[in-house]
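K.L.:
Questions regarding the structure given below will be posed in turn.
The values are calculated or read from the model by the stated rules, or taken from the named source; none is laboratory data. Just so it is clear, the structure is predicted and the values come from calculations on it, not from any experiment. For neighbour counting, all protein chains shown are included, and Cβ atoms are generated from backbone atoms with ideal geometry for every residue, glycine included. What goes into the accessible areas is simple: the full protein's heavy atoms, side chains included, and nothing from ligands, DNA or RNA. Shrake-Rupley method; radii C 1.70, N 1.55, O 1.52, S 1.80 Å.
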Amino acid sequence: MQGSDERGTATILLLGGTAEARVLARRILETWPDARLILSLAGRTLAPDAVPGALMRIGGFGGAAGLAAFLRETRVARLVDATHPFAAGMSRNAAAAAARAGVPRLSLWRPPWDPVAGDDWTPVACLKGAVEALPPGARPFLALGHQHLAPFFRRADLRPIVRMIDPPDPPLPAAARLVLGRPFPDPAQEAALLAETGATHLVCRNSGGAISYAKIAAARALALPVVLIERPPPPAPPLAASPAEALVWLGALKAP
Ligand code: NAP
């Protein structure tokens, strides 16, 4: 089998950066203890959680051509793109590189959230739309990556609250309040945090998935308006909606 070493051990490259990728990594290693699993991260988090048994690599590949070369050189048998639904560039590169290297590729693409009764959502197409959707003097809770914050800071009337896993460098502007830590999976804890900060709005992306849904449920419980940035189109098929579906796709890899 392509991608098998002399012991018949298959190599799987898993593009991560999401909770689902970590879940899938653990499930792969439980299911096929002999598989050689490479978990690749972009390097956005200073101290990412390791997955015992997985080989971790950190940093970009150098575009689709770099990834195609990596797939060939590392003799990867299957590529699973489990990056974030908003990481559209990486997903495009993954599809192109897999085609170029002749490696089967699957994208793990979790479904977007849909509004339910009690939600007060303003869907917007982009960051600029999110900034413009906030009324004068708003105190938005920005559940966004640090690279997406600058347009909010340019509005002098806003008093944003920013949650980050690592302390920002350079520090946030004086008008912003920093909350350090990961999102709580429990809506009640998210609601307590939103209430304590005095947030008037929640601004986030329609990421989908169970773990980061807690803030959406919390906003609903507090009747807090949500400015929701819509996601880019899905990657090219085949797609899996969950780690379990991805595991089925990988089933053909089972070591002899
Ligand atoms: P992006 O714009 O699609 O990717 C930018 C570049 O980062 C890619 O071209 C690639 O560099 C590198 N990269 C991305 N994911 C990688 C991975 N898993 N392994 C190795 N290199 C990777 O993505 P992004 O929005 O900056 O997100 C970066 C990472 O953060 C992704 O892995 C994603 O899963 C994670 N993440 C993103 C979000 C979000 O809201 N966008 C939220 C949570 C987590 P090269 O071209 O040099 O290969």
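K.L.:
Label points 7 Å out from Cα along the Cβ direction at residue 30 and residue 65: separation in nm?
P.N.:
Between residue 30 and residue 65, the label points sit 4.2 nm apart.
K.L.:
Sticking with this one: Report the FRET efficiency, 1/(1 + (r/R0)^6), for residue 56 and residue 186, where r is their Cβ-Cβ distance and R0 is 30 Å, rounded to 0.05.
P.N.:
0.60
K.L.:
Shifting gears a bit: Taking +1 at the Cβ of each Lys and Arg and -1 at the Cβ of each Asp and Glu, which of 126, 43, 9 sits farthest along the dipole of the range 1-130 towards its positive end, judged by Cα position relative to the Cα centre?
P.N.:
9
K.L.:
Using 5 Å bins from zero, what percent of all Cα-Cα pairs in the range 121-229 falls into each bin?
P.N.:
Final binned percentages: 2, 13, 26, 27, 21, 10, 1.
K.L.:
On to the next question. Sort out for me the Cα centre separation of the range 183-246 from the range 12-49, rounded to whole Å.
P.N.:
22 Å
K.L.:
Shifting gears a bit: Once phi is turned into θ = phi - 60°, what whole-Hz ³J(HN,Hα) does the Karplus curve with 6.51, -1.76 and 1.60 give for every residue of the range 144-155, x standing for Gly and Pro?
P.N.:
9, x, 4, 6, 10, 8, 3, x, 6, 5, 6, 8
K.L.:
Return the loop-located trypsin sites (Lys or Arg not before Pro) in the range 102-203 (DSSP other than H, G, I, E, B) with at most 14 other Cβ atoms within 10 Å of their own Cβ; answer none if there are none.
P.N.:
154
K.L.:
Also: So for 146, 201, what's the accessible-area order with a 1.4 Å probe, most first?
P.N.:
Listed by decreasing accessible area, they come as 146, 201.
K.L.:
While we're here: Counting only helical runs of four or more DSSP H residues, what would the 222 nm mean residue ellipticity of the chain come to if each run contributes -39,500 (n - 2.57) and the total is spread over all its residues?
P.N.:
Computed mean residue ellipticity for the chain: -8500 deg cm²/dmol.
K.L.:
Where does each of 164, 90 land when they are ordered by accessible area, with a 1.4 Å probe and the largest first?
P.N.:
Descending order: 90, 164.
K.L.:
Could you list which residues have their amide H under 5 Å from that of residue 141, counting only those 5 or more apart in sequence or on another chain, with H placed in the peptide plane?
P.N.:
161, 200, 201, 202, 203
K.L.:
Right, something else. Only Lys, Arg, Asp and Glu count, each charged at its Cβ (+1, +1, -1, -1), so figure out the dipole size of the chain about its Cα centre, rounded to 20 debye.
P.N.:
In total the dipole reaches around 460 debye.
K.L.:
Kindly express, to the nearest 10 degrees and within the range 0 to 90, the angle between helix 63-73's C-alpha long axis and the longest C-alpha principal axis of the chain.
P.N.:
With both axes taken from Cα atoms, the answer is about 30 degrees.
K.L.:
Averaged per residue, what accessible surface does the chain expose to a 1.4 Å probe, in Å²?
P.N.:
47 Å²
K.L.:
Next up: Between the alpha-carbon centers of the range 142-171 and the range 103-135, tell me the distance in whole angstrom.
P.N.:
19 Å
K.L.:
Next up: Taking amide H atoms as placed 1.01 Å from N in the peptide plane, list the residues 5 or more away in sequence, or in a different chain, whose amide H sits under 5 Å from that of residue 224.
P.N.:
Sorted by chain and number, the residues that satisfy this come to none at all.
K.L.:
Translational diffusion coefficient, Stokes-Einstein: compute it for the chain using the Kirkwood radius over C-alpha pairs as Rh, at 37 °C and 0.692 mPa s, and state it as an integer in µm² s⁻¹.
P.N.:
The calculation lands on 168 µm²/s.
K.L.:
Right, something else. Return the carbon/sulfur percentage of the accessible area of the range 92-241, one whole number, probe 1.4 Å, all protein chains in place.
P.N.:
Here it works out to 62 percent.
K.L.:
List every residue whose amide H lies under 5 Å from the amide H of residue 108, counting only residues 5 or more places away in sequence or on a different chain, with H placed 1.01 Å from N in the peptide plane.
P.N.:
Sorted by chain and number, the residues that satisfy this are 81, 82, 83, 240.
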